[in-house]
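**Q** Structure in structure tokens, see below.
The values are calculated or read from the model by the stated rules, or taken from the named source; none is laboratory data. Everything quoted here is computed from the prediction, not taken from an experiment. Reconstructed Cβ throughout: ideal geometry from the backbone, glycine too, with neighbour counts over all protein chains shown.
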Amino acid sequence: MSTSPHLEGTAWHGAQLVVVDPDKLRRIRRRQLSHSVAENFLKCPASAVGDTLIPRPSDPFAPNEVGVGAHSALEFVYEHEPSERSQDLARERVVELAAEEWTIERIHDPRGDVRPVIIKALTKPDGTVNLDDTAALERVNEEMKVTWTGRVTALALGDWDIEDPTVVDVHSIELDIQNVVINGVPARAFVDRVDRVPRLDGSGTALAVRDYKSGAYKPHNPRFGDANGDQQRRYAALVAELDGEFPVDARLLYIGAGKSRVIDLSPGPMAQALASFKEAWNTMNDSADAGAFDATPSNLCGWCPLVNSCPIPKLTSDKAKAHAETLPSKVALGIPVVSVRPAAAPALAPAAAKGRARAPGAEHLPNAPRIEAGEHFTPPEKAPSMTNDTTPTLAKYPASEYAAMAAFSLVDTATEHLDERGQALTPTTMSAFAQTLAHVLTDTEQTLFDAVGWEFGRHARLGFALASNLRLRPAPFGQDAADWAAWVTLQKNLLQAKTSIALGLLDYQAFPVDAFAVFIPAAPAAVAAA
């Protein structure tokens, strides 16, 4: 199973998504925190990684894309003088947007491929599709343009069911806020609209935050948090930092439902919203420092891009299960699992039971007897003092966090394998086997790449492959030096073969349809002739 290019350098370690690729970690760790990213980290750090690294498929009919069109139309309307803000103005803007979105040139993407939404519309019930029919492509494109125009227009006009645009006193539109600090967190935001509204005491006007929502209106239920409300509270805090004046009002405008919701900006809810924003910032940075992002299952798992690979998904509703089926499969994601004990450890021994050839000489290697940890780890009150002969000297922590992560991961792999094969877990055995694996790993890396770098993504990838090798060809505990030397050579050869094959796949433009022929037994006549 190959890993998606977007997720190279990631792996599941228990219920954590480990990321060792420095470039990916830089993308995940934001210098400025937005509300949406904050909520993602509060919900599930592993899911936040998936949202960052996996591109979203382009679908102009997706609710968020239709909402973007309606937002743009309303932005255009509110840029005009109050007396000019009409529904016709919104309609005109949507027509302009549709002309830009559905041009003949955009039938194909920059790579020359037909847009997926058009392919879907042209696909027949039997699954066939003709993408060479230019007339059909243009016809479907025009039909979609009309449909899209109708949906975006209807959504934009929903604003008139909530308010009268001709009496709105606009302070700012699409306010772009960058590097403004709230509660110690550098933040960024795009605020749809900030208005001026009359003060209740008649002493003038005050600021008010407005945010369009294109989704369905749902009455607020405190049991499930208040992400949308917290968004407006954080926006209010940002506006106050910018203008030196705290907004007196914040509202969510559900333009698809013709309803609005007033947000509580009192001290208690404001403090909670800012505290959770700081919590998200700390979670993001702590996770990035460790290179490990916790998976936190919830009722939203069905909408996470990693759900079909996650080790602990929560899919309790039919709706969540159905949506999960539309997301990348476990095979497509290809995220490996490392340093996790298999559910049935004894199955590692009889390789033939799984149809695998065992290592040369492995058929006569008995499984080492399982020894309970208590036989080797004495309770603290009875433990004798250890000398430097048995306890490794603590080295200085490396400057590269990625190198440290790779080293810790290798020690984890060694320790897990020792335990799975019934070996004693002592500082001596753990160190000896970790060094054996390190020799295999670094010697292979040097052979293949003429350099060794524990901090490199390739080193982590080789480490994951080596962990897989151990499950296929366990170490020959209890055997002599010749068996161990043969096993080390076998592991190096396996690792080199895996790497060469994996990198070689990237050079193919097309893969042979009959590559499986090597697994087909030769006909008797052919064998005789040979």
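**Q** When the residues of region 116-157 are narrowed to those that are among the basic types (Lys, Arg) and more than 30 Å from Val77 (Cα to Cα), which ends up surrounded by the fewest Cβ atoms within 10 Å (Cβ to Cβ)? Reasoning before the result, please.
**A** From region 116-157, those among the basic types (Lys, Arg) are 120, 124, 139, 145, 151; that's our starting set.
Of the ones still in play, those that are also more than 30 Å from Val77 (Cα to Cα) are 120, 124, 139.
Numbers: Lys120: 12, Lys124: 8, Arg139: 13.
Of everything passing the filter in region 116-157, Lys124 is surrounded by the fewest Cβ atoms within 10 Å (Cβ to Cβ).
**Q** Among (1) closer than 17 Å to Gly9 by Cβ; (2) exposed (fewer than 14 other Cβ atoms within 10 Å of the Cβ); (3) touching a residue at least 24 places away in the same chain (Cβ under 8 Å), where does Thr447 come up short?
**A** (1)
**Q** Also, quick follow-up: Does Leu137 satisfy the condition of being in a helix (DSSP H, G or I) and either outside the structural domain of Pro116 (by TED's automatic domain parsing) or within 30 Å of Pro247 (Cα to Cα) (or both)? Steps first, please.
**A** Values: in a helix (DSSP H, G or I): yes; either outside the structural domain of Pro116 (by TED's automatic domain parsing) or within 30 Å of Pro247 (Cα to Cα) (or both): no.
Here the answer is no, as Leu137 does not meet what is asked.
**Q** Just name the residue that is modelled with the lowest pLDDT out of those in region 201-237 that are over 26 Å from Ala62 (Cα atoms) and among the charged types (D, E, K, R).
**A** Top of the filtered list is Arg223.
**Q** Restricting to strands (runs of 3 or more DSSP E) lying wholly in region 172-264: which have 2 or more residues that are within 23 Å of Glu81 (Cα to Cα) and touching a strand residue (DSSP E or B) at 6+ places or on another chain (Cβ under 6 Å)? Lay out the reasoning, then the answer.
**A** Values: elements: 185-198, 205-213, 249-254, 259-262.
Because the criterion is at least 2 residues that are within 23 Å of Glu81 (Cα to Cα) and touching a strand residue (DSSP E or B) at 6+ places or on another chain (Cβ under 6 Å), the strands (runs of 3 or more DSSP E) in region 172-264 that meet it are 185-198, 205-213, 249-254.
**Q** Starting from region 138-149, keep only residues that are among the charged types (D, E, K, R), then list their pairs with residues that are part of a helix (DSSP H, G or I) and buried (at least 19 other Cβ atoms within 10 Å of the Cβ) whose Cβ atoms are within a distance under 6 Å, requiring at least 6 positions of separation or different chains.
**A** From region 138-149, the pairs are Lys145/Ala98.
**Q** Quick one: would you say Val19 is at pLDDT 90 or above, among the β-branched types (Val, Ile, Thr) and within 30 Å of Ser172 (Cα to Cα)? Walk me through how you get there before you give the answer.
**A** Values: at pLDDT 90 or above: yes; among the β-branched types (Val, Ile, Thr): yes; within 30 Å of Ser172 (Cα to Cα): no.
So Val19 does not fit the description; no.
**Q** Right, here's the next one. Taking Glu420 and the conditions (1) free of Cβ contacts under 8 Å to residues at least 40 places away in the same chain; (2) surrounded by 14 or more Cβ atoms within 10 Å (Cβ to Cβ), which numbered condition does it fall short on, given that it satisfies the others?
**A** (1) is the only condition that Glu420 fails.
**Q** Inside region 91-112, can you point out the residues that are in a loop (DSSP other than H, G, I, E, B) and surrounded by 11 or more Cβ atoms within 10 Å (Cβ to Cβ)? Outline the logic, then answer.
**A** The first filter runs over region 91-112 and keeps only residues in a loop (DSSP other than H, G, I, E, B), leaving 102-103, 109-112.
If the condition is that a residue be in a loop (DSSP other than H, G, I, E, B) and surrounded by 11 or more Cβ atoms within 10 Å (Cβ to Cβ), then Trp102, Thr103, Asp109 are the ones that fit.
**Q** Checking His80 against (1) assigned to a loop (DSSP other than H, G, I, E, B); (2) modelled with pLDDT of 95 or more; (3) in contact with a strand residue (DSSP E or B) (Cβ under 8 Å, 6 or more places away or on another chain): exactly one of these is not met. Which one?
**A** Of everything listed in (1) assigned to a loop (DSSP other than H, G, I, E, B); (2) modelled with pLDDT of 95 or more; (3) in contact with a strand residue (DSSP E or B) (Cβ under 8 Å, 6 or more places away or on another chain), His80 misses just condition (3).
**Q** Something else now. Checking Ala424 against (1) at pLDDT 90 or above; (2) of a type outside the set (Val, Ile, Thr); (3) touching a helix residue (DSSP H, G or I) at 6+ places or on another chain (Cβ under 6 Å): exactly one of these is not met. Which one?
**A** Among (1) at pLDDT 90 or above; (2) of a type outside the set (Val, Ile, Thr); (3) touching a helix residue (DSSP H, G or I) at 6+ places or on another chain (Cβ under 6 Å), the lone unmet condition for Ala424 is (3).
**Q** For region 37-66, name all the residues that are part of a helix (DSSP H, G or I), of a type outside the set (Val, Ile, Thr) and in contact with a helix residue (DSSP H, G or I) (Cβ under 7 Å, 6 or more places away or on another chain).
**A** Taking region 37-66 as the starting set, the residues that turn out to be part of a helix (DSSP H, G or I) are 37-43, 45-53, 63-66.
Of the ones still in play, those that are also of a type outside the set (Val, Ile, Thr) are 38-43, 45-48, 50-51, 53, 63-65.
Residues satisfying the conditions are Ala38, Glu39, Asn40, Phe41, Leu42, Pro45, Ser47, Ala48, Asp51, Leu53.
**Q** Does Val452 fit the bill of being surrounded by 11 or more Cβ atoms within 10 Å (Cβ to Cβ), assigned by TED's automatic domain parsing to the domain that holds Ala414 and modelled with pLDDT under 90?
**A** Working: surrounded by 11 or more Cβ atoms within 10 Å (Cβ to Cβ): yes; assigned by TED's automatic domain parsing to the domain that holds Ala414: yes; modelled with pLDDT under 90: yes.
Taking the combined requirement at face value, the residue satisfies it.
**Q** If you don't mind, another one. Could you look through region 191-243, keep only residues that are acidic (Asp, Glu) and surrounded by fewer than 17 Cβ atoms within 10 Å (Cβ to Cβ), and pick out the one that is nearest to the chain's Cα centre (by Cα)?
**A** The first filter runs over region 191-243 and keeps only residues acidic (Asp, Glu), leaving 192, 195, 201, 211, 226, 230, 241, 243.
Then drop every residue that is not surrounded by fewer than 17 Cβ atoms within 10 Å (Cβ to Cβ), which leaves 201, 241, 243.
Values: Asp201: 49, Glu241: 32, Asp243: 36 Å.
Ranking the qualifying residues of region 191-243, first place goes to Glu241.
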